[in-house]
1. For a Förster distance of 41 Å, can you work out the FRET efficiency between the beta-carbons of D77 and Q52, rounded to the nearest 0.05?
2. Over the chain, what is the relative contact order in percent, taking alpha-carbon pairs closer than 8 angstrom and at least six residues apart?
3. To the nearest 10 square angstrom, how much accessible area does I41 have with a 1.4 angstrom probe?
4. Can you list residues whose amide H is under 5 Å from T122's amide H, if they're 5+ apart or on another chain and H is modeled 1.01 Å from N?
5. In the stretch 32-128, what GluC sites (Glu not before Pro) fall in a loop by DSSP, with at most 11 other Cβ atoms inside 10 Å?
6. Per residue, how much accessible surface does the chain expose to a 1.4 Å probe? Answer in Å², no decimals.
7. Enumerate by residue number the trypsin sites (Lys or Arg not before Pro) in the stretch 22-113 meeting two conditions: DSSP loop (anything except H, G, I, E, B), and at most 16 other Cβ atoms within 10 Å of the site's Cβ.
8. On a full-extension model of 0.36 nm per residue, what is the gain between C59 and E32, subtracting their alpha-carbon distance, rounded to one decimal in nm?
Amino acid sequence: HRDLHSFPTRRSSDLVNAGHPPGILSNVDTSEALLGATGPIISPAFNCSWVQQVIQVKCGSDRMVLFTDAIIEAESDSGAYGLDRLIEEVRKRPINGNVLSERILGSVREFAGGRPINDDLTLVVVDL
């Protein structure tokens, strides 16, 4: 579970990441930053808490990419798609988040070469 709040009057976003892969914060002026988990995965077996992370953002130039593990664990004959390959797609900085999400999904499907992705696949791209 992830919860993301953006406040138009602030230059920050609040993020809680319950055990998912790290999100990616991309800025046109700097390199990408990984947004790690702020607590364990949600489970009824554990009584856990999560930390709310405040992320400084640049409105109009930052982009946040959140995804489930199905993206980076998609398989081909050469192994898993991986976080590095995903970051390379993010670095291409297409004109908007919709174009980036289509490019990432196309890249994952092409990499998998027709193999089924046997996990839930979620991808959220937010232009901040």
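The values are calculated or read from the model by the stated rules, or taken from the named source; none is laboratory data. Quick caveat, the model's predicted, so the values are computed rather than measured. Neighbour counts run over all protein chains shown; Cβ positions are idealised from the backbone, glycine included. What goes into the accessible areas is simple: the full protein's heavy atoms, side chains included, and nothing from ligands, DNA or RNA. Shrake-Rupley method; radii C 1.70, N 1.55, O 1.52, S 1.80 Å.
1. The calculated FRET efficiency here is 0.50.
2. RCO, the chain: 25 percent.
3. Here the residue's solvent-accessible area equals roughly 110 Å².
4. T68, A70, I71
5. Here no GluC sites (Glu not before Pro) fit, given the DSSP loop and packing criteria.
6. That works out to 57 Å² for each residue.
7. Answer by residue number: K58, K92.
8. 8.2 nm
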